[in-house]
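All remarks here apply to the structure that follows.
Bear in mind that the values in this text are calculations on the coordinates, not laboratory data. Given the structure is predicted, the values throughout are model-derived calculations rather than measurements. Cβ placement follows ideal geometry from the backbone for every residue including glycine, while neighbour counts extend to all protein chains displayed.
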Amino acid sequence: PSLDALLDDIDLAVMRARGESGGPVVLIGHSFGGLLAIAYALRHPDHIDRAVFSAPLLIPKVKVPAWKRPLTKVLPRLAPRVAVSNEVDANLLSHDPQVARRYASDPLVHDRITGGLYGDTIARGEEFIARAGEIRVPFLLMQGRDDRIVDPLGTQRFFARATVPERAFCLYPGMYHEIFNEVDQARVFQDIESWLTQRTDAHLSGWNPPP
């Protein structure tokens, strides 16, 4: 599916949640979901009240084999429906070895991505960094500093360009990509709870805004 189709699906879920809860709606997205959450906040700022972007896939850091690198430029144009490996190493998701084992054995997890979606993702990542100043939804940005799936520098660039007054950035030294599944995950969840309830960055353990 295209990013636009996925955003339509998210909008259906968000509007249903708003209709059923009657309260504030907070959109939380991680990795590729974080990229989608940013896209949604840009497209439908009035549909959500706050957002949490966790390690959004703005700039990939996955190591692509040398022989496959030329394909990443050709497939999006010539074979957008051809699926190839996403090259994600489960051992680089978390310092908890059980996370890698669960990832490898989960029947709902696969390692494929189509050329079209890959090309769209790369293009949108740079676009969204450039458009960070357009975000009007209060947001919390979270990132493991030792992430080897998503480049933390892309996340920092996004935050540095953002201008919405109510924003916070948590950078966690020693954490990989899956901060919600890291050994010290309680700290991450506590930061989210604090940000949502206190509405300030004063209580965030990972608070570390880029210069």
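A few comments on the model shown:
- Order of SER2, SER31, SER21 under a 10 Å beta carbon neighbour criterion, fewest first: SER21, SER2, SER31
- Look at ILE28, ILE10 and count the other Cβ atoms within 10 Å of each Cβ; fewest to most, that gives ILE28, ILE10.
- Paramagnetic label zone (point 7 Å from Cα along Cα-to-C-beta, ASN91; backbone N under 14 Å) in region 171-199: none
- Amide proton proximity set for ARG145, modelled H, under 5 Å, gap of 5+: TYR172, GLY174, MET175
- Applying a DSSP loop filter and a limit of 15 other Cβ atoms within 10 Å to the GluC sites (Glu not before Pro) in region 98-170 leaves GLU166.
- In this rough spin-label picture, where each label sits 7 Å from Cα along the Cβ direction, the ASP11-ASP46 distance is 1.2 nm.
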